[in-house]
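**Q** Once you've had a glance at the structure underneath, I'll fire off some questions.
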Amino acid sequence: MTRLEFMQGNTACAEGAIAAGCRFYGGYPITPSTEIAEHMARKMPKIGGVFVQMEDELASIASVIGASWTGARAMTATSGPGFSLMMENIGYAVMTETPCVIVDVQRGGPSTGQPTRASQGDMMQCRFGSHGDMSIIAVSPASVQEMYELTAKAFNLADRYRVPAFVMADEIIAHMRERIEVPDSVEIVPRRPLEKGTLPFAPGEDDVPGFPAFGHGYGVHVTGLTHDDRGYPSSTDPRVHERLVRRLVGKVEGANREIADYEVTNPDAEVVFISYGAPSRSVAQAIRDLDDERVGHLRLKVVWPFPDFALAAFKSARVFLVPELNLGQMAREAARHTAVPVVPVSEIGGELHTPQRLIAMAEGYL
Amino acid sequence: MNYQDWLRADRLPHIYCAGCGNGTVINCTLNAVNQMGWAPEDTVFVSGIGCSSRAPGYIITDSLHTTHGRAIPFATGVKLSRPDLHVVVFTGDGDLAAIGGNHFIHGCRRNIDLTVVCMNNYIYGMTGGQGSPCTPLGAVTTTTPYGCHEPPFDLASLAVAAGANYVSRWTSYHVQELTRAVKTGLETPGFSLIEAVVQCPTGYGRKNKLREAQDMIVWMRDHAVLLKKWRRMDDEGTPHPAGTFPVGEFVRRNLPAAGVPK
Ligand SMILES: Cc1ncc(C[n+]2csc(CCOP(=O)(O)OP(=O)(O)O)c2C)c(N)n1
Ligand code: SF4
């Protein structure tokens, strides 16, 4: 049974989180993400959860990580400037393998830029913004429905891989209202607890250790310093560092195919759009209007790790066109994985690509 | 349990310099925690970055050694999510008052049920003895080579003004008083700050004619003035001799608090 509702994207994001069992929200207001905090402030106390408005974004993500160590599903939401402030503690979450969900409703940057206009300018900050070598997981919703579904999915991915998972939304999706199907329940893949007697940071079978939640007698020491399998600092031995960081990166990159989530339209196409988030809607319209099997579409729901193998699904591709609300961040990533030319189709300032523009571009290559 | 049973024996020896005051504060804190009769599995230690913040790594409970200055918001997340856990924060003067200053005052304002033990050695120890927001006027550090010309924070008064329920200051000379103060902090719902002035022979003493650990302990003994006396002098209009500072209980009250178990 599902129920139909007319909802704003940000509300759907909060509702998806709640459905996935999120019971801790720590945040700081920033446009265009604020409705998520406001919705959580209303809902959390009613369902036995915690809402706390922290003093800034550094504190918000810190509180989320602290809550996560008690075993709670925990989340924060922000936009560009706040996202930048979170970066050090995001690295801490990576290093300490703390599952958490961070929603970034992207607005125009750099700096305070365009608070009320859409952007996809934080895609690389999400991937590489914190210092050191690391890998994270990120989803990118293209509808209000996906704000709900992919936020819920982000919790499962975070817990499964013990890594921060990002919902890289944009202002268009966050503020639009659509009819969505709200399911009775969503799939919940719980965090696997650490088996008693095993070391808290030992790789285990799939490089993802079980989770030693606080208050259960594990007596685990959690540090952002390079640490050994016991969690004890060991920050000068090159082998300990290399083994740890390679595992942290490898546990995500090695599971790329398992994590990947994308849609392929017209796999035999010669001209292929790659998109994620709001521009996917213009691409979908363009594909419908063109009605030509020589034009295809790869739509990414999971953007990090980047599903490089998905490009190979388009065997006849002569060009990849990548419409993004930035100057070509994911286009550059795509270009790293194919010999076929990749052309960025940029739109910055807050307007979405028109289907007409995309149609004209595709026709130019046919 | 004995307070020594709280130590993580397999991590010793520790990284502290010979004569460092942090060990005394850790002992006093663990003694107080032990007197509470708490189970280690119900107790969590959280810290930021600095020599002082290494303390949780030597304790057998669950612990978070976090990022510089951010211990209080991390601890806030733990405490709000699991109010039944006892959460103790170790921090340094730089960690708490410089990079963490905003979190510190908001922790006090929120009056979140934490006990914060700040080891105030007047400098940044771990990075090699630079000036901190608590460096006394005139003191020489690696970044105040001509003497510190900025007035220091009074951490205890700041915490009182910002809304903490319990605030005390002692030194690593006042072992009994310090232990009792931490215990009172642990017993008091809401935010407790226990400021412990400690000797850092390596970073502070060496540059300020207090080369041996003992020199600074004697200095603390001779310059700490009981708060009652300090306030009497204020009332009388008697000036405080140079270098003296008040110790004792600054406030004990029962303002509404956050994260207190129901
Ligand atoms: C964001 C950030 N800036 C700077 C540092 C470098 N750093 C490490 S410890 C420290 C100062 C610690 O001083 P304090 O908190 O007084 O603790 P102590 O070592 O004196 O006990 C600094 C600045 C850091 N780790 N992170
Ligand atoms: S530098 Fe100072 S504070 Fe740090 S361990 Fe040495 S004596 Fe202690």
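The values are calculated or read from the model by the stated rules, or taken from the named source; none is laboratory data. Predicted model, so just to flag it, every value in this text is computed and none were measured. Cβ sites come from the backbone with ideal geometry, for glycine too, and all protein chains shown count toward neighbours. Quick note on the areas: whole protein, heavy atoms, side chains included, nothing else; ligands and nucleic acids left out. Shrake-Rupley method; radii C 1.70, N 1.55, O 1.52, S 1.80 Å.
**Q** Near the amide H of B:CYS51, under 5 Å away, which other amide H atoms are found, from residues 5 or more places off or on another chain, if H is placed in the peptide plane?
**A** Under 5 Å from the amide H of B:CYS51: B:GLY125, B:MET126.
**Q** Still on this structure: So if we plug the beta-carbon distance of A:GLU178 and A:SER346 into 1/(1 + (r/R0)^6) with R0 = 25 Å, what FRET efficiency do we get, rounded to 0.05?
**A** On the way: r = 26 Å, r/R0 = 1.03.
After rounding, the FRET efficiency stands at 0.45.
**Q** Something else now. Which of the aspartates and glutamates could a cross-linker span from A:LYS315 if the Cα-Cα distance has to be under 17 Å and same-chain partners fewer than 8 positions apart are dropped?
**A** Result set, ordered by chain and number: A:GLU263, A:ASP268, A:GLU270, A:ASP292, A:GLU293.
**Q** For segment B:197-260, what ratio Rg/Rh do Cα atoms give with a Kirkwood hydrodynamic radius?
**A** Details: Rg = 16.2 Å, Rh = 14.1 Å.
Dividing the radius of gyration by the Kirkwood radius yields 1.15.
**Q** Within chain A, what is the longest stretch that has no GluC sites (Glu not before Pro) placed in a DSSP loop and near at most 16 other beta-carbon atoms within 10 Å?
**A** Details: sites that count: A:GLU187, A:GLU195, A:GLU205, A:GLU293, A:GLU351.
With a cap of 16 other Cβ atoms within 10 Å, the longest stretch comes to A:1-186.
**Q** Of all DSSP beta bridges in the protein assembly as shown, what percent run antiparallel (nearest 5)?
**A** Percentage antiparallel, nearest 5: 25.
**Q** Across the Cα atoms of chain A, what radius of gyration and what greatest pairwise Cα-Cα distance (Dmax) are found, in Å?
**A** 20.4, 65
**Q** What percentage of the solvent-accessible surface of the protein assembly as shown, computed with a 1.4 Å probe over protein heavy atoms, is contributed by carbon and sulfur atoms?
**A** Accessible surface attributable to carbon and sulfur in the protein assembly as shown totals 52 percent.
**Q** A follow-up question, please. Using only atoms on other chains, find how many Cβ atoms lie within 10 Å of each Cβ of peptide A:207-220 and report the average. If you can, show how the numbers build up before the last one.
**A** Working: counts 0, 0, 0, 0, 0, 1, 2, 13, 12, 2, 6, 3, 9, 4.
The per-residue average across the peptide is 4.
**Q** Taking the alpha-carbon set of the protein assembly as shown, what are its Rg and Dmax in Å?
**A** Final numbers for Rg and Dmax: 27.0, 93 Å.
**Q** So how tilted is helix A:80-95 from the main axis of chain A? Cα-based, degrees 0 to 90, rounded to 10.
**A** The angle comes out at about 50 degrees.
**Q** OK, next. Any chance you could give the angle, 0 to 90 degrees and rounded to 10, that helix A:9-19 forms with the longest Cα principal axis of chain A?
**A** The two axes meet at around 40 degrees.
**Q** Another question, if that's okay. Count neighbours as other Cβ atoms within 10 Å of each site's Cβ, and list the chymotrypsin sites (Phe, Trp or Tyr not before Pro) in segment B:45-153 that are DSSP loop with at most 14 such neighbours.
**A** Details: sites: B:PHE45, B:TYR58, B:PHE74, B:PHE90, B:PHE104, B:TYR122, B:TYR124, B:TYR146, B:PHE153; in loops: B:TYR122, B:TYR146, B:PHE153.
Here the sparse-neighbourhood loop sites are B:TYR146.
**Q** Let me ask something additional. What are the semi-axes of the equivalent ellipsoid of segment B:123-162, taken as the square roots of 5 times the eigenvalues of the Cα gyration tensor, listed largest first and rounded to whole Å?
**A** On the way: eigenvalues 90, 30, 5 Å².
Rounded to whole Å, the semi-axes are 21, 12, 5.
**Q** Report the accessible surface area buried between chains B and A, summing both sides, using a 1.4 Å probe on protein heavy atoms only, in Å² rounded to the nearest 100.
**A** Working: alone 11740 and 15080 Å², together 24150 Å².
Approximately 2700 Å², summed over both chains.
**Q** For chain B, what is the accessible area per residue in Å² when the probe is 1.4 Å?
**A** Numbers: 10390 Å² over 262 residues.
Computed with neighbouring chains in place, this is 40 Å² per residue.
**Q** Taking 29 Å as the cut-off for C-alpha to C-alpha distance, list the pairs among A:LYS46/A:LYS251; B:LYS79/B:LYS229; A:LYS43/B:LYS262; B:LYS183/B:LYS262; A:LYS43/B:LYS183; A:LYS43/A:LYS301 that go past it. Let's see the in-between values first.
**A** On the way: A:LYS46/A:LYS251 37 Å; B:LYS79/B:LYS229 37 Å; A:LYS43/B:LYS262 20 Å; B:LYS183/B:LYS262 21 Å; A:LYS43/B:LYS183 37 Å; A:LYS43/A:LYS301 27 Å.
Over 29 Å Cα-Cα: A:LYS46/A:LYS251; B:LYS79/B:LYS229; A:LYS43/B:LYS183.
**Q** Give me the Debye-computed log₁₀ of I(q)/I(0) at q = 0.11, 0.20 Å⁻¹ for segment A:94-218, equal point scatterers on Cα only, no solvent, two decimals.
**A** Rounded to two decimals, the profile gives -0.48, -1.12.
**Q** Using protein chains only (no ligands, no nucleic acids) and a 1.4 Å probe, work out which residues of segment B:1-23 have their accessible area cut by at least 30 Å² relative to the chain alone.
**A** Buried by the other chains: B:ARG8, B:ASP10, B:ARG11.
**Q** What residues does segment A:39-67 have that are buried by at least 20 Å² of accessible area in the full protein assembly compared to the chain on its own, 1.4 angstrom probe?
**A** Residues shielded by partner chains are A:VAL50, A:VAL52, A:MET54, A:GLU55, A:ASP56, A:LEU58, A:ALA62, A:SER63, A:GLY66.
**Q** Mind checking the full-extension length gain between A:GLU38 and A:LYS196? Use 0.36 nm per residue of separation minus the Cα-Cα distance, one decimal, nm. Before the final figure, lay out each step's value.
**A** Values: separation 158, 0.36 × 158 = 56.88 nm, distance 3.96 nm.
Stretched fully, the A:GLU38-A:LYS196 segment lengthens by 52.9 nm.
**Q** Turning to a different aspect of this structure: So in chain A, what percent of DSSP beta bridges are antiparallel if you round to the nearest 5? Write out the running numbers ahead of the final one.
**A** Values: 16 of 51 bridges.
Taking every DSSP beta bridge with both residues in chain A, the antiparallel ones total about 30 percent.
**Q** Given 20 °C and 1.002 mPa s, how large is the Stokes-Einstein diffusion coefficient of segment B:56-210 in µm²/s, with Rh as the Kirkwood radius over Cα pairs? Kindly include the intermediate steps, with their values, before the conclusion.
**A** On the way: Rh = 15.8 Å.
Calculated translational D: 136 µm²/s.
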